[in-house]
Each structure stands twice: as structure tokens, then as C-alpha cells.
Amino acid sequence: MSSQSKVLVVDDERAIADLYATWLATDYTVEIAYNGSSALEVLDETISVVILDRRMPNTSGDEVLNEIRARGFDCHVAMITAVDPDYDILEMGFDTYLKKPVKEEDIKAVVENLLRRSRYAESLTALFRKLSKREALKAQKPVAELKRQPQYQQLLDEIAELRAQSDSHLHQLDNEDFEAMFHQLSAA
């Protein structure tokens, strides 16, 4: 994820949405929606992170979250709300939950943590794809033939690079990241 990662801020309180957007605009491309239905209109595959208020009139944050997941968007969602968490959150598909009020450093840290998880997941997925190709070739081709093939050698180089990339991303993760990623995998 680059500094051009796109964040969608959704809050029916305009001043709060604008404040969050201002905080994030120096590092990310930011879209703002002042209600749930507007958020669903703006939402597309370019959004990396959604900052989502839970309680909004008409279309609630819960409904927006359900629609994000139903449409299969691969973005992370941070619920940032004045609502105290209760057991109902156990079945919800958000990635993190913060209680208002939040500070600038909290919002920035949440977005960066979610993007860090994405970088690790993306590098790991790419690594597993390459490993699968390597294993398919190893199962069908003699080792001597594989060693002579430049495409196979390139595949091995790509695997080494992706492994190093994944390791680098892995070292940036903390326990909360691992728990969240495990929860995501078990929910899938």
C-alpha cells in the first residue's frame, strides 16, 4: 500500500468526518460520506480502509458494514463510534473498534495498522501462489530439466523475494494484528 491508499471516512456528524479527513489527508487519498447511503454510493474497489461511525440515521454503520462484506469489497473497516461495545459485535465483520472520542494519532495508527495487515496478507498470498506453481512443476518435471529452465529460475528468484517481503511485513505486525488476521481467516 502506498501513500496513495484510499480511505473512506463515514460519519453523520460533518465536523467529525471533516476532522478525521483532515488528519488523514496528508498521508492518504480521502473520500468523505456524511451518511450510510452516500458511503455505499462512493464505495468501490479502490477503497483500502473505511472509517465508519456505527450509529447514523437511515442507513446505520452496521448496515453499511454488512453491505461492504456482502458486496465482497476487500477493504478494512474501523468502527469508530460512541457506542459501547457489547456482545453483538462478536458477529460483526469489522477489523477494529474504537470508542469516541479519538485523537489524531489514534486514527492514523488504526489506518496504518490496517494497511500493514493488508501488505502482509498480499505478500503472503503472492508467495503461496508462486510456491504452488513451483510444487506443480517439481511434481511433473525432472530436477535436471527444471535447473536448465530460465523461467523456473526466475520463479525461484521471485519466491525468494516474496519470502523476504513477507518476512519483513511479518516483523511489523503485533499481537493485535495477528489476532485480527486469525479472526478474519476463521470467519472466511
message: For a test of the definition: using alpha carbon positions, the gyration tensor, and the 1.5 limit on a/c, classify region 1-84 as rounded, prolate or oblate.
response: oblate
message: Using Cα-Cα distances under 8 Å and only pairs 6 or more residues apart, what relative contact order does the chain have, in percent?
response: 16 percent
message: Could you tell me the relative contact order of region 1-78? Use alpha-carbon pairs under 8 Å, at least six residues apart, and round to a whole percent.
response: 33 percent
- line: Sequence order, region 42-58: Karplus ³J(HN,Hα) from phi using 6.51 cos²θ - 1.76 cosθ + 1.60, θ = phi - 60°, Hz rounded, Gly and Pro as x, gives 7, 4, 8, 5, 7, 6, 8, 9, 10, 9, 10, 6, 7, 9, 9, x, 6
- line: In debye to the nearest 20, the charge dipole size for region 1-106, taken about the Cα centre with +1 at each Lys and Arg Cβ and -1 at each Asp and Glu Cβ, equals 100 debye
query: Which Cα, out of L8, S166, P150, lies furthest along the positive dipole direction of the chain (beta carbon charges, K/R +1, D/E -1)?
result: P150
statement: For the chain, the percent of all C-alpha pairs falling in each 5 Å bin, from 0 up to the bin holding the max distance, is 1, 7, 15, 17, 17, 13, 9, 7, 5, 4, 3, 2, 1, 0
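Could you give the size of the charge dipole of region 19-61 about its Cα centre, using +1 on the Cβ of each K and R and -1 on the Cβ of each D and E, expressed in debye and rounded to the nearest 20?
Values: 2 positive and 6 negative charges, 55 e Å.
In debye, rounded to 20, region 19-61 gives about 260.
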field: Long-range lysine pairs (8 or more apart or interchain), the chain, Cα under 24 Å
entry: 12
task: Any chance you could give the angle, 0 to 90 degrees and rounded to 10, that helix 61-70 forms with the longest Cα principal axis of the chain?
output: 30 degrees
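Rounded, prolate or oblate: which one fits region 1-43, using the alpha carbon gyration tensor with axes a ≥ b ≥ c (rounded when a/c is under 1.5, else prolate when a/b beats b/c, else oblate)? Write out the running numbers ahead of the final one.
Values: a/c = 4.01, a/b = 1.38, b/c = 2.90.
The shape class here is oblate.
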- prompt: What list of ³J(HN,Hα) values in whole Hz, one per residue of region 99-108 in order, does the Karplus curve 6.51 cos²θ - 1.76 cosθ + 1.60 (θ = phi - 60°) give from phi, with Gly and Pro shown as x?
  reply: 9, 5, x, 10, 9, 4, 5, 5, 4, 4
task: Relative to the longest principal axis of the C-alpha atoms of the chain, give the angle of the C-alpha long axis of helix 14-24, reported between 0 and 90° and rounded to the nearest 10°.
output: 30 degrees
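Quote to one decimal, in nm, the extra length available between K100 and Y87 on full extension: 0.36 nm per residue of separation minus the C-alpha distance between them. Intermediate results must be reported in sequence, preceding the final value.
Numbers: separation 13, 0.36 × 13 = 4.68 nm, distance 1.83 nm.
Full extension from K100 to Y87 adds 2.8 nm.
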Label-point separation in nm, T26 to K138, each point 7 Å along Cα→Cβ: 4.8 nm
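With each run of n ≥ 4 DSSP H residues scored as -39500 (n - 2.57), what mean residue ellipticity at 222 nm is computed for the chain after dividing by its residue count and rounding to the nearest 500 deg cm²/dmol?
Numbers: 7 runs with 107 residues, N = 188.
It lands at -18500 deg cm²/dmol.
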- prompt: Roughly to the nearest percent, how much of the accessible area of the chain is carbon and sulfur, given a 1.4 Å probe?
  reply: 51 percent
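The values are calculated or read from the model by the stated rules, or taken from the named source; none is laboratory data. What you see is a predicted model, and the numbers here were worked out from it, not measured in a lab. Quick reminder, even Gly has a Cβ in these numbers, built from the backbone with ideal geometry, and neighbours come from all protein chains shown. Protein only, heavy atoms only, side chains kept; ligands, DNA and RNA dropped before computing areas. Shrake-Rupley method; radii C 1.70, N 1.55, O 1.52, S 1.80 Å.
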